[in-house]
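Working notes, structure below.
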Amino acid sequence: AGDHCDDLAELCNELASVVHASDCNFARVFELVDQGARLPGKWTANVSAALSAARRSQWSISAYLAAVCAADGLDLAELDGCVVDDLWLGAGPVLAWVPPGTEQVQIATPSESVWIPAEQVIEQEAGQVRAMGASRNDLICGQVVCVKYLSVGESVEVSSIRGPGGARLKKAQVNEEDLLAHYRECQDESCSFVARPGGATLGGLHQVLEYPVHGDYRLALLRPRFMNQQRRSHLSLAVSSVGETLAGQAAKSGQWPFVAAIVEKSGYVDLRHEFGQVFGTTPALQKAWCNDLRCVNKKYGRSLLSMAAADGKTEIFESLISSQANVDEKDWGSNATPLERAVENSQWDAVVSLVGKYQARAETLLIGSSLAPAAVKRAVLQFHDEALRQGQKPATLREFFARHLSGEAMDAEHLVPPGFARQASWLSKKHVSLLATPLFHPSASPHDPLVFARLADDEADKISEWVESAQSTVCPLSLADREFASRPLPGFCMVVRLPESFLAEGQIQIPENVIDSLSIVRCNVEVATTTPCCQEKVGGVAIFRGGQRVAVTPRGDLVIGGENGGVVSIVARDGEFLSGVLSKTSIQCPEVSVPVAHGRLTQVSIAIPFVLFFYVELQESEDGVERMVFVTPRRGEIPPDATAFRGTIAINDARVHCDGNEICEVLVDIGDDSCCDVLSGMRIKTELPGWEFESSGEPAERAAQLQGCEFQRMCNGMPVRLGKLIPSVAVAASSAEPSGGPGRPQRERPIRGLVGGYQSQAVPNPWR
């Protein structure tokens, strides 16, 4: 017993240290509470208390309360009643007074169906009513079929509903607290309130929430469909920052490790219809309300997995999917999948991970498969195209500077913004000269605005020298009281990213106790891309940092064996992963972790994968048109009219089958062999009926003549001709005769575009 007490005391001490830590380990909190550990003091452990702590950003306390709730068997997916009440009132429900003679009710009796004025209904219970007929002695008993105007869920123009003498619906006078109490206990017939006419006349489009109200056909509960700006802002803020459940609150606050701990403990929470039951469970009410929420905030209706994909939180995908999250579930309203959300936000690591999840669920869920949703096809197409477009010319000036601040190398001539010309450290256009290197204040976030700050002539020379010196990262100029604008100013300007609190009335105001200086993004890592066989430098390789393209190594004169090219300087943080991509490929690319040495340039070498593409090209010769078989490591070098090779390729001990439908893509395990030996030793056999492969011997001849790294030459635009296809026997006309005619080979199917080449691969993952 003593040992048990000692162990429990140790667990309690560990729990206290974990909760007090600045970076709380949420999963460990749940584990310790499950083992019996508790914090000292008086605690009210319920889901509402955990939500309150979360909204105060006391995440470790919220995690502890949630863990205790889970240990006590409480449901962590419990809805927050306070938020629901606030949204209900925020939507502006109106209790309407229905004048006598305005509404009619259809009642089905055993013998007939009759319409009577609504005010003649005496009592109603479970759909059965008693109502007065044409005379006082005439009593009608039956079931309510419908009403003429105020059907629950319908949206009606209340100004068009008129009674005798043109009487219109008016707002009933009722206390808001009584109305809210009615909402909370709307199923309780004992709940009642005093309402009387006398309010303003109602007009406009309203949705009927409840009619009759507690059996009183003189009252109708309506919700206006038009929302003023104040109401829209209130609802938009709730959608973006307030969660109906604990998991929703944590997700909207970016506390994804807490979300993972919650779903692993209590199961997946579907947020796509969050707040959907504020006005009841009637489908028409729910649909209209959810539509209105999405109109005020386009982020409404996203699932937990979609939110995580949009934020690029790949580390919690496993937790969500193992908790029954569906990787192809569509967001409510937009029908977007998590994969499309990741593409939309350029979260390429998340795209790669999600594509893998699709294929882990079903091998046939691939691009080109009949089972693959169109959304997946569009997302993967856009994934490859967008990733390559990251190195294209910026469309706007702001895009140029934003990409520069993100760490992308923007020095290339083709990346100059439209309308500007680059002159040394400046971008020039008519009467404007902009410093080509953007600056930022240390307290600015990536979401803060970019502004154009004016420079004096002498300051322009000074800051230009500082930018080109590559020494200090702290700007020598002061910011205080400097003129700024959202557009380029005439004369010399510099582009700076500043917190919004610094910007006031056209001048930069530096608050007290805040440093008055700017910083610059300087390259701190020198990346060399090399061949995996001979470690020779290769140019034209795209460098990706964490899934984002940041630079391309220059080609220089590497084709003829020169020393220029294959090296580029970039910005990277300690521990970040870099990869080099030579061509669009579905092969897993090797990653290199960056060990940044502060104060000096870190040198990193990345060996590109030995990936080969095999294709067939028609070429004219002395003997006529011949089918030549080529191999290249660059997909972009394949001619548009080339066709796919059909047959088997044996490299070392491995054998690859090419079906002839798509360009064959092969990852070579080079081992201790040289690239020349690998290319010369390939054994190729075609499966095209009536044809056989004849080797050209070119790989060995080229290696002997040129020396050096053959793979490097191939990377720099020199495909290798492996041989040609020659007829093996005469093809007789028959039912199996190729469509090309007697003695002519059947034409192979052409390349069907970018995505086709990925069909037979496991996981499209070119950037990691």
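The values are calculated or read from the model by the stated rules, or taken from the named source; none is laboratory data. Quantities reported herein were computed from a predicted structural model and do not represent experimental measurements. Heads up, the Cβs are rebuilt from the backbone with ideal geometry, glycines too, and the neighbour counts pull from every protein chain shown. Heads up: the accessible areas ignore ligands, DNA and RNA and are worked out on the full protein's heavy atoms, side chains in. Shrake-Rupley method; radii C 1.70, N 1.55, O 1.52, S 1.80 Å.
Which of the numbered conditions does S159 fail, given that it passes all the others? Conditions: (1) polar (S, T, N, Q); (2) assigned to a loop (DSSP other than H, G, I, E, B); (3) at pLDDT 85 or above.
Against the list (1) polar (S, T, N, Q); (2) assigned to a loop (DSSP other than H, G, I, E, B); (3) at pLDDT 85 or above, S159 comes up short only on (2).
From the list V666, V616, V629, exactly one residue is among the β-branched types (V, I, T), modelled with pLDDT under 85 and part of a strand (DSSP E or B). Which is it? Even if it seems obvious, please write down each step before you answer.
Details: V616 fails: modelled with pLDDT under 85; V629 fails: modelled with pLDDT under 85.
Criteria check complete, one pass: V666.
Are any residues in the stretch 679-691 at pLDDT 85 or above, within 23 Å of F711 (Cβ to Cβ) and not in a loop (DSSP other than H, G, I, E, B), and if so, which ones?
Matches in the stretch 679-691: R683, I684.
Yes/no matrix, rows are residues, columns are (1) touching a Pro at 6+ places or on another chain (Cβ under 8 Å); (2) modelled with pLDDT of 80 or more; (3) open to solvent by 40 Å² or more (accessible area, probe 1.4 Å); (4) in a loop (DSSP other than H, G, I, E, B):
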site	(1), (2), (3), (4)
K377	no, no, yes, no
V380	yes, no, no, no
A387	yes, no, no, no
G407	no, no, no, yes
H414	no, no, yes, no
K462	yes, yes, yes, no
V467	no, yes, no, no
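Among the residues of the stretch 308-332 satisfying the criterion of being touching a residue at least 12 places away in the same chain (Cβ under 8 Å), outside any loop (DSSP other than H, G, I, E, B) and under 14 Å from P257 (Cβ atoms), which is farthest from the chain's Cα centre (by Cα)? Outline the logic, then answer.
So in the stretch 308-332, the residues touching a residue at least 12 places away in the same chain (Cβ under 8 Å) come out as 308-317, 319-332.
Filter once more, so that each one left must be outside any loop (DSSP other than H, G, I, E, B): 308-311, 314-317, 319-322.
If we keep only those that are under 14 Å from P257 (Cβ atoms) too, we end up with 308, 311, 314-317, 319-320.
Working: A308: 7, D311: 6, T314: 11, E315: 14, I316: 14, F317: 13, S319: 17, L320: 15 Å.
Filtering first and then ranking leaves S319.
Conditions: (1) within 11 Å of R272 (Cβ to Cβ); (2) at pLDDT 80 or above. G333 meets all but one. Number of the miss?
With respect to (1) within 11 Å of R272 (Cβ to Cβ); (2) at pLDDT 80 or above, G333 is out only on (2).
Tell me which residues, restricted to the stretch 253-279, are open to solvent by 30 Å² or more (accessible area, probe 1.4 Å) and either more than 21 Å from L237 (Cβ to Cβ) or not basic (K, R) (or both). Talk me through it step by step, then tell me what you get.
We begin by selecting, within the stretch 253-279, every residue open to solvent by 30 Å² or more (accessible area, probe 1.4 Å); these are 253-255, 257, 264-266, 268, 270, 272-273, 277.
Passing the criteria: S253, G254, Q255, P257, E264, K265, S266, Y268, D270, H273, Q277.
Scan the stretch 700-721 and report the pairs whose first residue is assigned to a loop (DSSP other than H, G, I, E, B) and open to solvent by 20 Å² or more (accessible area, probe 1.4 Å) and whose second residue is modelled with pLDDT of 85 or more and not charged (D, E, K, R), with Cβ atoms within less than 7 Å and a gap of 6+ or a chain change.
If the second residue must be modelled with pLDDT of 85 or more and not charged (D, E, K, R), the pairs left are P719/F630; P719/V631; P719/T632.
Just name the residue that is modelled with the lowest pLDDT out of those in the stretch 186-229 that are hydrophobic (A, V, I, L, M, F, W, C) and assigned to a strand (DSSP E or B). Quick ask: steps written out before the conclusion?
Within the stretch 186-229, the subset hydrophobic (A, V, I, L, M, F, W, C) is 186, 191, 193-195, 200, 202, 205, 208-209, 213, 219-222, 226-227.
Cutting the leftovers down to assigned to a strand (DSSP E or B) gives us 205, 208-209, 213, 219-222.
Working: L205: 88, V208: 89, L209: 87, V213: 83, L219: 86, A220: 87, L221: 88, L222: 89.
Ranking the qualifying residues of the stretch 186-229, first place goes to V213.
Which pairs do you get when a residue that is more than 16 Å from D448 (Cα to Cα) and surrounded by fewer than 17 Cβ atoms within 10 Å (Cβ to Cβ), found in the stretch 500-527, comes within reach of a residue that is aromatic (F, W, Y) and at pLDDT 80 or above, reach meaning Cβ atoms under 6 angstrom, with the pair 6+ apart or on two chains?
From residues that are more than 16 Å from D448 (Cα to Cα) and surrounded by fewer than 17 Cβ atoms within 10 Å (Cβ to Cβ), there are no pairs.
Just for the stretch 671-699: of the residues that are open to solvent by 20 Å² or more (accessible area, probe 1.4 Å) and touching a helix residue (DSSP H, G or I) at 6+ places or on another chain (Cβ under 6 Å), which one is nearest to P727 (Cα to Cα)?
S680
Between residues in the stretch 59-75 that are on the phi < 0 side of the Ramachandran plot and residues that are open to solvent by 20 Å² or more (accessible area, probe 1.4 Å) and assigned to a helix (DSSP H, G or I), which pairs lie under 7 Å by C-beta distance while being six or more apart or on different chains?
Short answer, once both residue conditions are applied: L65/A49; A70/K265; A70/S266; A71/D34; D75/S266.
Which number in (1) crowded, with 17+ Cβ neighbours inside 10 Å; (2) modelled with pLDDT under 85; (3) outside any helix (DSSP H, G or I) marks the one condition that L235 misses?
Only one criterion is unmet by L235, namely (3).
If you go through the stretch 612-660 one residue at a time, how many are more than 21 Å from L688 (Cα to Cα) and over 40 Å from the mean Cα position of the chain (by Cα)?
Total satisfying the criteria: 4.
Would you confirm whether or not the stretch 529-539 contains a residue that is in contact with a Gly (Cβ under 6 Å, 6 or more places away or on another chain), crowded, with 18+ Cβ neighbours inside 10 Å and outside any loop (DSSP other than H, G, I, E, B)?
Scanning the stretch 529-539, I find at least one residue that is in contact with a Gly (Cβ under 6 Å, 6 or more places away or on another chain), crowded, with 18+ Cβ neighbours inside 10 Å and outside any loop (DSSP other than H, G, I, E, B), so the answer is yes.
Could you check how many residues of the stretch 641-658 are within 15 Å of G681 (Cβ to Cβ), touching a strand residue (DSSP E or B) at 6+ places or on another chain (Cβ under 8 Å) and without any contact (Cβ under 8 Å) to a residue 24 or more places away in the chain?
Count: 2.
Which condition number in (1) modelled with pLDDT of 85 or more; (2) within 30 Å of C295 (Cα to Cα); (3) over 31 Å from the mean Cα position of the chain (by Cα) is the one that G92 fails?
The number of the failed condition is (1).
What number of residues in the stretch 638-670 are crowded, with 18+ Cβ neighbours inside 10 Å and acidic (D, E)?
So the answer is 2.
Please determine whether any residue of the stretch 46-57 is over 22 Å from G81 (Cβ atoms), surrounded by 15 or more Cβ atoms within 10 Å (Cβ to Cβ) and modelled with pLDDT under 90. Before you say what the answer is, go through the steps one by one.
Initially, the stretch 46-57 is screened for residues over 22 Å from G81 (Cβ atoms), giving none.
Taking every residue of the stretch 46-57 in turn, none turns out to be over 22 Å from G81 (Cβ atoms), surrounded by 15 or more Cβ atoms within 10 Å (Cβ to Cβ) and modelled with pLDDT under 90.
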